[in-house]
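The values are calculated or read from the model by the stated rules, or taken from the named source; none is laboratory data. Just so you know, these numbers come straight off a predicted model, no measurement behind them. Note that each Cβ is placed from the backbone with ideal geometry, even for glycine, and that neighbours are counted across all protein chains shown. Remember, those area values only see protein heavy atoms, side chains included, never the ligands or the DNA or RNA. Shrake-Rupley method; radii C 1.70, N 1.55, O 1.52, S 1.80 Å.
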Amino acid sequence: MLKGFKEFISRGNVVELAVGVIIGAAFKNIVDALVDGIINPLIAAVIGKHDFSDAFILTLNGTDVKFGLLITAVINFLLMALAIYFCIVVPMNALNARRKKAEDEAPEAEVSDEVKLLTEIRDALAQGTPRR
């Protein structure tokens, strides 16, 4: 039982997932600071309130329906997605493109005569060429 747990924990994707969650939690603090320190004050300057949670309230039979709360959540989600896209996705795509370009430009190694002969034999067997 412990051996199986050890194998599960030592898998690369489990470790990568744990690192991703930790980095995501740290990145959330950055986005929260962006929203609380820059975006919300700009919203307050335009509409007079810190966010939309107390805006667009509809009262039905003494119950408040807060559309502004949904708008605030959507804006926060879009800001998080925007920050992740420009701070993580775009740089990673550029890095992967550079790596692929470097791999494509790398000179291919000289193929030995033995490898060429084995390749010809493999291809002949695959085509079903009869023996002479």
Helix 90-105 axis, angle to the chain major axis (alpha carbon atoms, nearest 10°) = 10
How much FRET efficiency would the formula 1/(1 + (r/R0)^6) give for F56 and V90, where r is the Cβ-Cβ distance and R0 is 30 Å, rounded to 0.05?
-> 0.35
Rounded tilt (10° steps) of 113-127 against the dominant C-alpha axis of the chain | 80
Where only protein heavy atoms count, and the probe is 1.4 Å, what is the accessible area per residue for the chain in Å²?
-> 85
Grab the DSSP H runs of the chain that are 4 residues or longer, score each as -39,500 (n - 2.57), total them, divide by all residues and round the 222 nm result to the nearest 500 deg cm²/dmol.
-> -22000 deg cm²/dmol
If you line up the long axis of helix 67-84 against the longest principal axis of the chain, both from Cα atoms, how many degrees apart are they, to the nearest 10?
-> 30
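Could you look at region 8-124 and say what percent of its accessible area is carbon and sulfur, using a 1.4 Å probe and all protein chains?
Details: 6180 of 9260 Å².
Ligands and nucleic acids excluded, carbon and sulfur give 67 percent.
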Quick one: compute a quarter of the convex hull surface over the Cα atoms of region 1-127 and quote it in nm².
-> 19.2
